[in-house]
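Participant: Below is a structure I'd like to ask you about.
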Amino acid sequence: QSPSSQGLRDFIIKSYPGLKKANPGVPILIREANNVESRIIARFDQGRERKIVVDGLSTGDIEQKFGSLVSSSDTK
């Protein structure tokens with residue numbers, strides 16, 4: 001477990017239960033891997049995909065970026 005992914009791990013522990021409860025039909029995949037940057041990938045309608053790199057970010061910074069990612073699902 002890399003220190004650069006600590007913020008993402010903390011975000012998942014803190015936020016996953018609420019995200020899943022609020023969005024039971026939305027698949028959420030969490031995958032652990034070595035030697036790759038920490039990132040969040042979201043797939044939207046019409047095959048749109050967005051990726052944000054969160055390597056080395058704090059939980060608060062990740063929450064902010066995740067919020068921006070979710071709000072971008074409304075734009076085309």
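Participant: Report whether or not S58 is open to solvent by less than 60 Å² (accessible area, probe 1.4 Å), free of Cβ contacts under 8 Å to residues at least 40 places away in the same chain and in contact with a helix residue (DSSP H, G or I) (Cβ under 7 Å, 6 or more places away or on another chain).
Facilitator: Judged against the criteria, S58 is not a match.
Participant: State the number of residues belonging to the range 3-33 that are of a type in the set (S, T, N, Q) and either in contact (Cβ under 8 Å) with a residue 12 or more places away in the chain or part of a strand (DSSP E or B) (or both).
Facilitator: 3
Participant: Inspect the range 39-54 for any residue being open to solvent by less than 50 Å² (accessible area, probe 1.4 Å), of a type outside the set (F, W, Y), closer than 17 Å to S68 by Cα and part of a helix (DSSP H, G or I) and give the result as yes or no.
Facilitator: Checking the range 39-54: not a single residue is open to solvent by less than 50 Å² (accessible area, probe 1.4 Å), of a type outside the set (F, W, Y), closer than 17 Å to S68 by Cα and part of a helix (DSSP H, G or I).
Participant: Determine, yes or no, whether K14 is open to solvent by 80 Å² or more (accessible area, probe 1.4 Å) and touching a helix residue (DSSP H, G or I) at 6+ places or on another chain (Cβ under 8 Å).
Facilitator: Here the answer is yes, as K14 does meet what is asked.
The values are calculated or read from the model by the stated rules, or taken from the named source; none is laboratory data. Keep in mind the model is a prediction, meaning the values are calculated, not measured. We place every Cβ from the backbone using ideal geometry, glycine too, and count neighbours over all the protein chains shown. The area values use the complete protein model at the heavy-atom level, side chains included, leaving out ligands, DNA and RNA. Shrake-Rupley method; radii C 1.70, N 1.55, O 1.52, S 1.80 Å.
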